[in-house]
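Asker: To start, I am sharing the structure in question, which I have written as C-alpha cells.
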Amino acid sequence: MENKNTTTLTEQKPVDSPKCKEDSLLPIAEKGLFFHDSFFDDIQKHFETAIDQILDTWGEAKSVSDLMNSYRRVRERNMQQENQVMAFSEDDQNHKVVLDVHDFKSGDVKVRVEDNQVVVEGRVEKEEGDFKSMKSFCRRFNFPSKVDMEAVTSAMSSDGVLTITAPKIPQAA
C-alpha cells in the first residue's frame with residue numbers, strides 16, 4: 001500500500017548560513033546507485049515524482065529509462081534551489097527526506113541536528129584557469145511529529161542522492 005502522506009515535513013529556509021557545529025555532524029553512510037540499491041527502495045517513487053515535477057516545470061523531455069540524466073540536464077542549465085530535487089515520506093516508524101546533492105558531492109556535504117531540526121549544507125568550489133566559483137546551499141527541516149533526534153541517520157548514494165531518516169518516537173497507547 002502506497003503511503004499518501006508525503007508532504008508533512010516542512011523546510012525552513014535560513015536567513016543566513018551559519019557554520020556547522022562539528023560536534024553535531026552526522027556520519028553519512030555510503031551506498032550504491034540510488035535507483036539500483038535496495039536501501040532506497042521505499043523512497044524511490046517519491047524521488048521520481050519530484051523529478052517529474054521539475055522536468056514538467058522546465059518542459060524537459062523525460063526519458064523513462066534515464067530519468068536522472070534528464071533531470072541533471074536541467075540542473076546544469078539552472079542551479080536554482082527550486083530545481084534541486086527533494087522529496088519527503090513517512091511511514092509508521094520514520095520520516096525520510098531525500099535530496100539531490102550530486103552537484104556538491106565533489107565538495108563538502110554536511111548533515112547535522114540542531115535545535116530539533118535537521119540541517120543539510122553543501123559547498124563546492126571550482127577553479128578553471130583564473131576563474132574561481134563557489135556554490136553552496138543550506139536546508140533546514142522540521143518534522144511534524146516527535147522524532148528521536150539522537151537516532152537520525154543519513155546515507156548517500158554513489159550518484160549523489162542524500163537520504164535522511166528520522167525515527168518516530170512511539171506514541172503511548
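The values are calculated or read from the model by the stated rules, or taken from the named source; none is laboratory data. Nothing here was measured: the structure is a model prediction, and the numbers come from that model. Positions of Cβ are backbone-derived with ideal geometry, glycine not excepted, and every protein chain shown enters the neighbour counts. Just so you know, the surface numbers come from the protein's heavy atoms only, side chains and all, with ligands and any DNA or RNA stripped out. Shrake-Rupley method; radii C 1.70, N 1.55, O 1.52, S 1.80 Å.
Asker: List, please: which pairs have Cβ atoms under 7 Å, are six or more places apart or on different chains, and start with a residue in region 132-144 that is within 16 Å of Arg75 (Cβ to Cβ) and end with one that is open to solvent by 50 Å² or more (accessible area, probe 1.4 Å) and basic (Lys, Arg)?
Answerer: Ser133/Lys126; Ser136/Arg123
Asker: Looking at region 92-106 only, could you name the residues that are outside any helix (DSSP H, G or I) and of a type in the set (D, E, K, R)? Let's see the steps before the verdict.
Answerer: Our first condition is that a residue be outside any helix (DSSP H, G or I); within region 92-106, this holds for 92-101, 105-106.
Asp92, Lys96, Asp100, Lys105, listed by residue number.
Asker: Do we have Phe88 as at pLDDT 90 or above, more than 16 Å from Arg139 (Cβ to Cβ), open to solvent by less than 40 Å² (accessible area, probe 1.4 Å) and of a type in the set (Phe, Trp, Tyr) here?
Answerer: On the way: at pLDDT 90 or above: yes; more than 16 Å from Arg139 (Cβ to Cβ): no; open to solvent by less than 40 Å² (accessible area, probe 1.4 Å): yes; of a type in the set (Phe, Trp, Tyr): yes.
Answer is no for this residue.
Asker: Taking region 124-141 only, how many residues are farther than 22 Å from Ile51 by Cα and assigned to a strand (DSSP E or B)? Walk me through how you get there before you give the answer.
Answerer: The initial filter retains those residues of region 124-141 that are farther than 22 Å from Ile51 by Cα, namely 124-134.
The next check asks that each one be assigned to a strand (DSSP E or B); those that pass are 124-128, 131-134.
Summing the residues that are farther than 22 Å from Ile51 by Cα and assigned to a strand (DSSP E or B) in region 124-141 gives 9.
Condition check ((1) surrounded by 21 or more Cβ atoms within 10 Å (Cβ to Cβ); (2) under 25 Å from Phe35 (Cα atoms)) across all residues:
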site: Arg73; (1), (2): no, yes
site: Asp103; (1), (2): no, yes
site: Gly107; (1), (2): no, yes
site: Val119; (1), (2): yes, yes
site: Phe131; (1), (2): no, no
site: Lys135; (1), (2): no, no
site: Phe141; (1), (2): no, yes
site: Pro144; (1), (2): no, no
site: Asp148; (1), (2): no, no
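Asker: Answer yes or no as to whether Leu26 is of a type outside the set (Phe, Trp, Tyr), open to solvent by less than 50 Å² (accessible area, probe 1.4 Å) and on the phi < 0 side of the Ramachandran plot. Full working, then the answer.
Answerer: Numbers: of a type outside the set (Phe, Trp, Tyr): yes; open to solvent by less than 50 Å² (accessible area, probe 1.4 Å): yes; on the phi < 0 side of the Ramachandran plot: yes.
Yes, satisfied.
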